[in-house]
Structure formats: C-alpha cells, structure tokens
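Undergrad: Sharing a structure with you now.
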Amino acid sequence: MPAKPKTKRAVVAETFGIPADPDDISYVNFLYARRHLSTFAERGRRELCYITEIDAIEQAILKTLDRIRARDGEKIFREATGYLREAIDIVVSERPRARSGMHEAHV
C-alpha cells in the first residue's frame, strides 16, 4: 500500500531535514522515492549525492566547452560536443538496464 501524502511529507522532512511544501507534492514524491539513496549534509539539510555530482560535472563540462569555443572557434566547439554526446550515448547503451520487477517472466 502506498504511503499517504502526509506520511510522505513527514518522511521527507525527517530524511532530508527540510519542511515539505504541501503544495509541491511532485517534489515530495521525487524525494520520497529517493529517500534510500546516498546523501550528505549541507547547510543544515541533506542533499542527494548524485544530484550534486551531476551539477558539478555539468559545470565542468560547460566551462570546458566555453573555453574550447573561445580558443578554437564554433566549428571545433561543435565537434567537441558531438564527441561528448557520442561518448555519453555509448556509456548509456553499454550499461545493463535495471529490471523493473524482481523476477522476469520466463517464456
């Protein structure tokens, strides 16, 4: 049985150290579904590690691409972004996908 919204808000508040906005149930649902993931303390609350890591990667990529565009021009910038997209697509396609259920039906 799924948790009731009031219970979800209480769990989110306890896990992440933030008051859950009752008007933003989609954010409460987002955090509730990720309550088991790794977090770290930041400014009196808990943050999801993967979101912070992705933000750091994104900033590094944007800074590097801006530097490439300024130094080497738009054509090389576009080439570099193409390589980056291709590399990410390869990594994603090579990773095994998590199965949605505990057991897969055997045919």
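Undergrad: So, in segment 1-36, of the ones that are surrounded by 13 or more Cβ atoms within 10 Å (Cβ to Cβ) and modelled with pLDDT under 85, which residue ends up nearest to GLU53 (Cα to Cα)?
TA: Ranking the candidates gives ILE18 first.
Undergrad: Considering only residues of segment 37-72 that are open to solvent by less than 60 Å² (accessible area, probe 1.4 Å) and charged (D, E, K, R), which is farthest from the chain's Cα centre (by Cα)?
TA: Selected residue: GLU42.
Undergrad: Also, I was wondering about something else. Tell me which residues, restricted to segment 29-80, are under 19 Å from ALA10 (Cα atoms), in contact with a Lys or Arg (Cβ under 6 Å, 6 or more places away or on another chain) and among the aromatic types (Phe, Trp, Tyr).
TA: TYR32
Undergrad: Of all residues in segment 48-107 being assigned to a loop (DSSP other than H, G, I, E, B) and either modelled with pLDDT of 95 or more or among the β-branched types (Val, Ile, Thr) (or both), which is nearest to ARG34 (Cα to Cα)?
TA: VAL107
The values are calculated or read from the model by the stated rules, or taken from the named source; none is laboratory data. In this text the structure is predicted, and so the values were computed from the model without any measurement. With ideal geometry, Cβ positions are generated from the backbone for all residues, glycine too; neighbour counts draw on all protein chains shown. Note: areas computed on protein heavy atoms with side chains; ligands, DNA, RNA excluded. Shrake-Rupley method; radii C 1.70, N 1.55, O 1.52, S 1.80 Å.
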